[in-house]
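S.K.: Structure incoming, see below.
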Amino acid sequence: MTKDVLYSLTKGGFAPQEEMLEVARKKGKLYIGIPKEIAFQENRVPLVPDAVALLVNNGHRVVIEAGAGKAASFEDTDYSEAGAEIVHSPNDVYKADTILKIAPPTLEEIEMMQPKQTLYSALQLPVQPQDFLKKLISKKLNCIAFDLIIDDAGIFPVIRAMGEIAGGASITIAAELLSNVNNGVGSILGGISGISPTEVVIIGAGTVGEFAARAAIGLGATVKVFDNSTSRLRRLQGQLGSRIFTSVIIPKVLEKHLKTADVAIGALRATRGRTPCMVTENMVSEMKTGSVIIDVSIDQGGVFETSELTNHTHPVFRKHGVIHYCVPNINSRVARTASYALSNIFSQIMLTMGDEGGFDGIVRKDAGLRNGVYIYNGILTNQYLGEAFHLPFKDINLLMAAM
């Protein structure tokens, strides 16, 4: 605090007084590194050029590896004009204090990281090697799973944004697979006068299910939504603003409606572990020949027993005459849109982090971001991960209170 001497009028004249002036919180200048994604068919980038310009104009330094935004149609010149430094070696990127990535780092990338760095990325532990966590802990890093961050409204903003995109994209993909161009049965998704509309069954009433339903209804399809939560089904009805068929997941009822479905969307998301398998192989075998399954939940194991991982190069296979699309990263199909959606979230987190003086400042103040922290200064803070990998862990809130 600084002191300025003022004078106030008293009976005896002017008396000196001290005025306490508040000193503004010292903002931190962030050093942000964005490496080029090397994960298979990961086309998104965490910050678009406009967001980089915003951060640079606020005094932060951004270093990006050459070609990092190319798959999302952003050129290196777009970033350099926005104020980013373009480097040609990932080693130069990993000198930054804060690393922003989409996919989790590989073991080779972890080796390039510096002790005490802060890492923002997806977690995706089911596909990580056993010593993944141990390597991160040994570097004494701060690690945040951006898909576990909660915003002021109590929702997961990254999951919500990616769910909106995946839900809408699942219907456009289904429409393509029903057409003759992709060796489908030659049906239009929706309907026209005098012809029965296409039937779409959606399993899951979360964000993916909601936006798949919106897209299908917009095209004129008949939509049926199944979920184990009546509250989610009720909320979905309110959000759509129209009455549609909804049901809790009862195998016999689900099987009945799958038999007449033209499209089935798997849109369940597990809070822990694997997505429950709701559709047996026998149910799939009873579906119409040429019908389409889009298993958006395949990254967590899949809703359909017949689902198998595919990719953007070879996205579909047929089983029991049913076309299956089981690409785990649908959002990379529309990488530019997905990058903008992610960038809107990450740029605000970075600005707030700078305003709070760095990572320690924001993690103390923001309970929603704290929810995404799974390693803090080399200490595992996620109970689920500790139990799953038999590693010691501590509650981050207790760590905050002790410091």
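S.K.: Any chance you could count how many residues in segment 132-164 are assigned to a helix (DSSP H, G or I) and of a type in the set (Phe, Trp, Tyr)? Step through it out loud before you land on a result.
M.R.: Of all residues in segment 132-164, those assigned to a helix (DSSP H, G or I) come to 132-138, 146-148, 157-164.
The next check asks that each one be of a type in the set (Phe, Trp, Tyr); those that pass are 132, 146.
Here the count works out to 2.
A quick yes/no check of all residues on (1) under 17 Å from residue 33 (Cα atoms); (2) open to solvent by less than 50 Å² (accessible area, probe 1.4 Å); (3) part of a loop (DSSP other than H, G, I, E, B):
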site	(1), (2), (3)
80	yes, no, no
95	yes, no, yes
109	yes, yes, no
119	yes, yes, no
130	no, no, yes
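S.K.: Could you run through segment 294-318 and say how many residues are in a strand (DSSP E or B) and either open to solvent by 60 Å² or more (accessible area, probe 1.4 Å) or touching a helix residue (DSSP H, G or I) at 6+ places or on another chain (Cβ under 7 Å) (or both)?
M.R.: Pass one, segment 294-318, residues in a strand (DSSP E or B): 294-295, 304, 316-318.
Restricting the remaining residues to those that are either open to solvent by 60 Å² or more (accessible area, probe 1.4 Å) or touching a helix residue (DSSP H, G or I) at 6+ places or on another chain (Cβ under 7 Å) (or both) gives 294, 304, 316, 318.
So the count comes out to 4.
S.K.: Do we have residue 278 as in contact (Cβ under 8 Å) with a residue 24 or more places away in the chain, surrounded by fewer than 22 Cβ atoms within 10 Å (Cβ to Cβ) and in contact with a strand residue (DSSP E or B) (Cβ under 8 Å, 6 or more places away or on another chain) here?
M.R.: Working: in contact (Cβ under 8 Å) with a residue 24 or more places away in the chain: yes; surrounded by fewer than 22 Cβ atoms within 10 Å (Cβ to Cβ): yes; in contact with a strand residue (DSSP E or B) (Cβ under 8 Å, 6 or more places away or on another chain): yes.
For residue 278, the condition - in contact (Cβ under 8 Å) with a residue 24 or more places away in the chain, surrounded by fewer than 22 Cβ atoms within 10 Å (Cβ to Cβ) and in contact with a strand residue (DSSP E or B) (Cβ under 8 Å, 6 or more places away or on another chain) - is met.
S.K.: Does at least one position in segment 360-381 carry a residue that is open to solvent by 80 Å² or more (accessible area, probe 1.4 Å) and of a type in the set (Ser, Thr, Tyr)?
M.R.: No, segment 360-381 has no match at all.
S.K.: What are the residues in segment 211-245 that are in contact with a Lys or Arg (Cβ under 8 Å, 6 or more places away or on another chain) and open to solvent by 50 Å² or more (accessible area, probe 1.4 Å), if any?
M.R.: 245 - this is the single residue of segment 211-245 that is in contact with a Lys or Arg (Cβ under 8 Å, 6 or more places away or on another chain) and open to solvent by 50 Å² or more (accessible area, probe 1.4 Å).
S.K.: Could I ask something else about it? Being more than 23 Å from residue 124 (Cβ to Cβ), of a type outside the set (A, V, I, L, M, F, W, C) and in contact with a helix residue (DSSP H, G or I) (Cβ under 8 Å, 6 or more places away or on another chain) narrows it down to one of 65, 81, so name that one. If you could, list the steps in order and put the result at the bottom.
M.R.: On the way: 65 fails: more than 23 Å from residue 124 (Cβ to Cβ).
Step by step, each of 65, 81 is checked, and only 81 is more than 23 Å from residue 124 (Cβ to Cβ), of a type outside the set (A, V, I, L, M, F, W, C) and in contact with a helix residue (DSSP H, G or I) (Cβ under 8 Å, 6 or more places away or on another chain).
S.K.: Still on this model: Scan segment 385-403 for residues that are under 19 Å from residue 135 (Cβ atoms) and either open to solvent by less than 40 Å² (accessible area, probe 1.4 Å) or touching a residue at least 24 places away in the same chain (Cβ under 8 Å) (or both) and jot them down.
M.R.: Correct list: 385, 386, 388, 389, 391.
S.K.: Just for segment 319-359: of the residues that are within 18 Å of residue 96 (Cα to Cα) and aliphatic (A, V, I, L, M), which one is surrounded by the most Cβ atoms within 10 Å (Cβ to Cβ)?
M.R.: 353
S.K.: Tell me whether segment 178-198 contains one or more residues that are under 23 Å from the mean Cα position of the chain (by Cα), open to solvent by 20 Å² or more (accessible area, probe 1.4 Å), at pLDDT 90 or above and over 21 Å from residue 275 (Cβ atoms). Show your work before the answer.
M.R.: In the first step, residues of segment 178-198 are kept if they are under 23 Å from the mean Cα position of the chain (by Cα); the result is none.
No: segment 178-198 contains no residue that is under 23 Å from the mean Cα position of the chain (by Cα), open to solvent by 20 Å² or more (accessible area, probe 1.4 Å), at pLDDT 90 or above and over 21 Å from residue 275 (Cβ atoms).
S.K.: Would you mind stating whether residue 99 is under 22 Å from residue 379 (Cβ atoms) and touching a residue at least 12 places away in the same chain (Cβ under 8 Å)?
M.R.: Details: under 22 Å from residue 379 (Cβ atoms): yes; touching a residue at least 12 places away in the same chain (Cβ under 8 Å): yes.
In short, yes.
S.K.: I've got another one for you. Does residue 133 satisfy being touching a residue at least 60 places away in the same chain (Cβ under 8 Å) and either β-branched (Val, Ile, Thr) or under 25 Å from residue 358 (Cα atoms) (or both)?
M.R.: Spelling it out, residue 133 is indeed touching a residue at least 60 places away in the same chain (Cβ under 8 Å) and either β-branched (Val, Ile, Thr) or under 25 Å from residue 358 (Cα atoms) (or both).
S.K.: Got a number for residues in segment 246-274 being among the β-branched types (Val, Ile, Thr) and touching a Lys or Arg at 6+ places or on another chain (Cβ under 8 Å)?
M.R.: Selection size over segment 246-274: 2.
S.K.: Return yes when residue 270 is aliphatic (A, V, I, L, M), outside any helix (DSSP H, G or I) and modelled with pLDDT under 95 and no when it is not.
M.R.: So residue 270 fits the description; yes.
S.K.: Say we look at segment 67-78 and pick out the residues that are within 25 Å of the chain's Cα centre (by Cα) and either among the hydroxyl-bearing types (Ser, Thr, Tyr) or closer than 30 Å to residue 360 by Cα (or both); which of these is most open to solvent (accessible area, probe 1.4 Å)? Reasoning before the result, please.
M.R.: Keep residues of segment 67-78 that are within 25 Å of the chain's Cα centre (by Cα), which gives 67-76, 78.
Now restrict to residues that are either among the hydroxyl-bearing types (Ser, Thr, Tyr) or closer than 30 Å to residue 360 by Cα (or both): 68-69, 73.
Numbers: 68: 10, 69: 1, 73: 75 Å².
Looking at the filtered set, the residue picked out is 73.
S.K.: Okay, moving on. Test each condition in (1) within 23 Å of the chain's Cα centre (by Cα); (2) surrounded by 20 or more Cβ atoms within 10 Å (Cβ to Cβ) for residue 269 and report the one that comes out false.
M.R.: (2)
The values are calculated or read from the model by the stated rules, or taken from the named source; none is laboratory data. If you're wondering where the values come from, they're calculated on a predicted model, not measured in any experiment. For neighbour counting, all protein chains shown are included, and Cβ atoms are generated from backbone atoms with ideal geometry for every residue, glycine included. The protein model used for the area step is the full one, side chains on, heavy atoms only, and it has no ligands, DNA or RNA in it. Shrake-Rupley method; radii C 1.70, N 1.55, O 1.52, S 1.80 Å.
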